[in-house]
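The values are calculated or read from the model by the stated rules, or taken from the named source; none is laboratory data. Remember, predicted model here, so these are calculated numbers, not experimental data. Every residue, glycine among them, receives a Cβ derived from its backbone with ideal geometry; neighbour counts consider all protein chains shown. All accessible areas refer to the heavy atoms of the entire protein, side chains included, with ligands and DNA or RNA removed. Shrake-Rupley method; radii C 1.70, N 1.55, O 1.52, S 1.80 Å.
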Amino acid sequence: MKRLILAVLFSTGAQAAHPEGEYIARVADCMACHTAPGGDPMAGGKKFATPLGNIYSTNITPDKTHGIGGYSYEAFARAVREGIAKDGHPLYPAMPYPAYARLSDRDLHALYDYFMQDVTPSARPNRESDIPWLLSARWPLHIWNALFIDDPAPASSDMADPGRAARIARGAYLVEGPGHCGACHTPRGVAMQEKGFTHKDEAFLSGAMIDGWYAPSLRDSRLSAQEMTSMLLTGKSQHDALSGSMAEVVSESTQYLTQQDAAAISDYLQSLRTSHQPSPQVARRQSDDSASGEGKVLFGRYCATCHGDSGKGSDFSVPSLVNNPVVMADEPGPLIRIIADGAQTPAIRGQVSFGMPAYGEVMKDEEMRDLVNYVRQRWGQTDAPVSASDVADSKKEARDAGH
Ligand code: HEC
Ligand code: HEC
Ligand code: HEC
């Protein structure tokens, strides 16, 4: 929450002398990772849990001692595109340089000028990682890089249809480059590397679990181009709303996209379809209301007031649970987390945010189990029931993730 407030302060501050660089910083969402809860903007210190231990983002304000004030353009370019710090050490791949490798020279120059001249310097010192010294030897990252970073050739130069090609190429650039959408939407392999960095890889944007949220496939999406554009700019569309980490992406990054760029992203994502019609996966038992018992009673008591008995919600304010990726995901964690912690539509300039209450303290784990099983049975696509201990585990994971 604090980060959202900060983002607002940041955006209402003085007009940047380098609006072009500020725009790229928004699209690339440097702020999300380089600002600690309650900390100075871009001054680093946000924690990233890795299987080996915690690492912390660094101070990228132009402070000469603690920040990147001593970085030349060349050093900055190497850090952002290749993940090599000024002193030559490789950066942990939490920093999405495999995507930023595709940034154009022009955008990178604009970004550099913006950081050096518009961002307020902060003297916050960097924090060492908690990874034991033996494991923190950073050299293996050189090998990681050689293995997994592909050639940053301009995206999408091979698109056939010249009519839409320019728009789609712009969308490809934004998604595969600064937007680093694959960091969450692409599944990761054994070495935590994303399984593909461009539209040419089938795994790219094919959906993944990330920090306890489910980032659905953006290929063959159930959303039309228009719905997608609306989701990116406002965090909602007629029947849908975004929650979890994507709500933060919208609040801090995509709401600032120009209308053309948001539409270019949607056109590009639509171009990844293998089938040509938007094909909503119809939930199997969508109309089968035979499920009964305690879960149904709980749904009527706690959920139906807003989402309706039919689960369809109401236009532009309460999302539908029908064809909803959180409900349809095999993994029950995100659904449990939303019921336990509640949710808020993203904070968007000039718009009222709609909220869903938290039921973690209101419902016993056994009740939440019955409710979750009812919701998944009615609108989901898996038969696997959850247990009360699954509920307890997901609630704990959500707490550990800082919510
Ligand atoms: C998804 C999270 C994430 C995003 C987004 C991100 N960074 Fe980073 N960045 C990190 C982390 C974590 C580190 C520290 C890595 C390490 O210590 O090995 C880092 C390190 C850096 C460094 C090296 C700084 C130093 O102290 O030497 C620079 C420069 C940098 N980032 C710039 C940027 C810029 C510019 C953007 C936006 C275009 C950006 N980062 C976006 C996570 C991120
Ligand atoms: C920090 C992780 C993260 C990043 C980065 C990210 N996303 Fe997401 N995205 C998610 C999650 C999690 C969801 C699911 C949200 C929900 O269920 O309400 C999601 C959902 C979406 C949806 C809705 C899909 C659907 O079927 O409902 C769209 C569209 C989307 N993201 C587009 C993008 C684009 C475009 C980018 C890059 C500009 C991006 N995302 C970057 C995590 C992320
Ligand atoms: C006061 C109205 C209200 C009540 C009561 C309510 N919700 Fe919600 N719900 C919302 C709103 C508004 C959102 C959108 C918030 C957001 O952006 O994530 C939402 C989001 C959701 C989502 C996530 C949708 C997505 O695509 O990310 C799920 C799942 C959900 N609700 C299920 C439930 C269940 C189950 C209950 C009963 C325990 C419930 N809701 C009770 C208003 C409500």
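Some notes on this structure:
- Solvent-accessible area per residue for the stretch 294-400 (1.4 angstrom probe, square angstrom): 48 Å²
- With every protein chain in place, the stretch 162-271: carbon and sulfur % of accessible area (1.4 Å): 56 percent
- Partners of K86 within straight-line reach, counting lysines whose Cα lies under 23 Å from its Cα and excluding those fewer than 8 residues away in the same chain: K46, K47, K64.
- Pairs from the list K296/K396; K195/K395; K364/K396; K236/K312 with a Cα-Cα gap above 18 Å: K296/K396; K195/K395.
- Surface analysis of the stretch 10-126 yields an accessible area of 43 Å² per residue, using protein heavy atoms and a 1.4 Å probe.
- A simple packing score, the average count of other Cβ atoms within 10 Å per residue, orders the peptides 117-129, 368-380 as 368-380, 117-129, with the highest score first.
- The stretch 162-271 - accessible surface per residue (Å², probe 1.4 Å): 38 Å²
- Local charge for A263 was computed over the other residues whose Cβ lies under 14 Å away, with Lys and Arg +1 and Asp and Glu -1, and equals 0.
- Modelled FRET efficiency - R0 60 Å, D400 with A166, Cβ distances, 0.05 increments: 0.85
- Cβ crowding within 10 Å averaged over residues, with 50-59, 319-328 ranked highest first: 319-328, 50-59
- Kirkwood-based Rg to Rh ratio, the stretch 162-271, C-alpha trace: 0.94
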